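Peer 1: Before I ask anything, here is the structure I am working with.
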Amino acid sequence: MNEESLFSLKNAWFRAAVGLTIVCFVISALIGFVWLPSAQSDPQFQGIWNAICSAAGVPRQWHPVESAVPPTVKLSRVELESHQFDDASGLSIGRGATLALRCTMCHGPHGISDANSPNLAGQSATVVYKQLQDFQSGARTSAVMSPMARDLADQDMRDIAVYYASLKPAAPVRGDAPAIVAVGAPLRNIPACASCHGGVDHKIGSPWLDGLPAAYVKAQLAAFANGSRHNDISEQMRNIARNMTPEEIATAAAWYAGQPHP
């Protein structure tokens, strides 16, 4: 028997093989797309059409773009670039020093806070600039900072940012980083703090945490976790903070502040 006749419908064995394949395909499709999904108790699988769509991973109903639900809170619209402030001039830093006189009561005369406000000395200029923009737009709210940022011009924010970035940062004395800082908790989708906030790597827009008061860090993580602070990019910090335990939050905050961690 030549190859042409072997794969011909005139060949009874070939017809049987094709027919059996089709039957197996139909039975598998019915089981996978209809019977198994329909056996689920979840309402989204009820009905043949819903079961097929759910099994295939496609929407049961296509919604027009206009029906998208708008966010219930203001989100950060600030666009940052890694070299955004590299060309800062001495004049800009000097103007920032003058503008920052109003900030000394909370953030200290040299950017090191004696209260539980964040230290700004040595902080990345992109971080300070973004937070001021967010306070002004309402993406981040504070009874103190929102009014302070309300009337600042964009250049004012840039000048303040480069001024604080030019100052010598706090240098807390501490031992080896705890696990939550050094490696995170990968099984709970918690990356190492050091992978974004310095130590291993530093991502643009992520603040240096060295020397920040423990009470401030704990308060911000709690705000991210409960959603009252929502100016993080792509909800990164909200997703992380929700998965952290109170003990992990306290440990990370204490270590960055240079305090003995629990």
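The values are calculated or read from the model by the stated rules, or taken from the named source; none is laboratory data. Nothing here was measured: the structure is a model prediction, and the numbers come from that model. Please note: Cβ atoms are built from the backbone with ideal geometry, for glycine as well, and neighbour counts cover all protein chains shown.
Peer 1: Quick check on my filter: what residues within segment 112-149 are in a helix (DSSP H, G or I) and in contact with a helix residue (DSSP H, G or I) (Cβ under 6 Å, 6 or more places away or on another chain)?
Peer 2: Here is the first cut: in segment 112-149, the ones in a helix (DSSP H, G or I) are 125-137, 145-149.
Result: A125, V128, Y129, L132, F135, Q136, M145, S146, A149.
Peer 1: Quick check on segment 235-260: of everything there that is closer than 20 Å to S124 by Cα and free of Cβ contacts under 8 Å to residues at least 60 places away in the same chain, which residue is farthest from the chain's Cα centre (by Cα)?
Peer 2: Among them, the one singled out is A253.
Peer 1: Look at W255 and say whether it is within 20 Å of H107 (Cα to Cα) and modelled with pLDDT under 95. Before you say what the answer is, go through the steps one by one.
Peer 2: Working: within 20 Å of H107 (Cα to Cα): no; modelled with pLDDT under 95: yes.
Taking the combined requirement at face value, the residue does not satisfy it.
Peer 1: Take segment 79-92 and flag every residue that is surrounded by 10 or more Cβ atoms within 10 Å (Cβ to Cβ), touching a residue at least 60 places away in the same chain (Cβ under 8 Å) and in a loop (DSSP other than H, G, I, E, B).
Peer 2: So the first thing to find is which residues in segment 79-92 are surrounded by 10 or more Cβ atoms within 10 Å (Cβ to Cβ), and the list is 80, 82, 84-85, 88-89, 92.
Next cut, touching a residue at least 60 places away in the same chain (Cβ under 8 Å) only: 80, 82, 85, 88, 92.
Scanning segment 79-92 gives L80, S82, F85, A88.
Peer 1: If you go through segment 159-204, how many residues are part of a helix (DSSP H, G or I) and in contact (Cβ under 8 Å) with a residue 60 or more places away in the chain?
Peer 2: 10
Peer 1: Determine whether segment 173-186 contains at least one residue that is over 24 Å from T245 (Cα atoms) and either among the hydrophobic types (A, V, I, L, M, F, W, C) or not assigned by TED's automatic domain parsing to the domain that holds R102 (or both). Spell out how you get there, then give the answer.
Peer 2: Of segment 173-186, the ones over 24 Å from T245 (Cα atoms) are 173.
Checking the rest, the ones that are also either among the hydrophobic types (A, V, I, L, M, F, W, C) or not assigned by TED's automatic domain parsing to the domain that holds R102 (or both) come to 173.
Yes, because at least one residue in segment 173-186 is over 24 Å from T245 (Cα atoms) and either among the hydrophobic types (A, V, I, L, M, F, W, C) or not assigned by TED's automatic domain parsing to the domain that holds R102 (or both).
Peer 1: Which condition number does R229 fail, the rest of (1) assigned to a helix (DSSP H, G or I); (2) within 15 Å of the chain's Cα centre (by Cα) being met?
Peer 2: Of the numbered conditions (1) assigned to a helix (DSSP H, G or I); (2) within 15 Å of the chain's Cα centre (by Cα), the odd one out for R229 is (1).
Peer 1: Now for a different question. What single numbered condition from (1) loosely packed, with under 15 Cβ neighbours inside 10 Å; (2) in contact with a Gly (Cβ under 6 Å, 6 or more places away or on another chain) fails to hold for Y163?
Peer 2: Just one mismatch for Y163, condition (1).
Peer 1: Read through the list (1) surrounded by fewer than 14 Cβ atoms within 10 Å (Cβ to Cβ); (2) basic (K, R); (3) more than 26 Å from Y216 (Cα to Cα); (4) modelled with pLDDT of 95 or more, then give the number of the only condition that R95 fails.
Peer 2: (1)
Peer 1: Name the single residue, out of those in segment 233-252 being under 21 Å from S137 (Cα atoms) and at pLDDT 95 or above, that is surrounded by the most Cβ atoms within 10 Å (Cβ to Cβ). It would help to see each step written out before you state the result.
Peer 2: Start the filter on segment 233-252 by keeping residues that are under 21 Å from S137 (Cα atoms), which leaves 233-238.
Filter once more, keeping what is at pLDDT 95 or above: 237-238.
Values: M237: 20, R238: 18.
Among them, the one singled out is M237.
Peer 1: Okay, next question. P109 versus (1) surrounded by fewer than 19 Cβ atoms within 10 Å (Cβ to Cβ); (2) within 24 Å of the chain's Cα centre (by Cα); (3) of a type outside the set (A, V, I, L, M, F, W, C); (4) assigned to a loop (DSSP other than H, G, I, E, B): which is the lone unmet condition?
Peer 2: (2)
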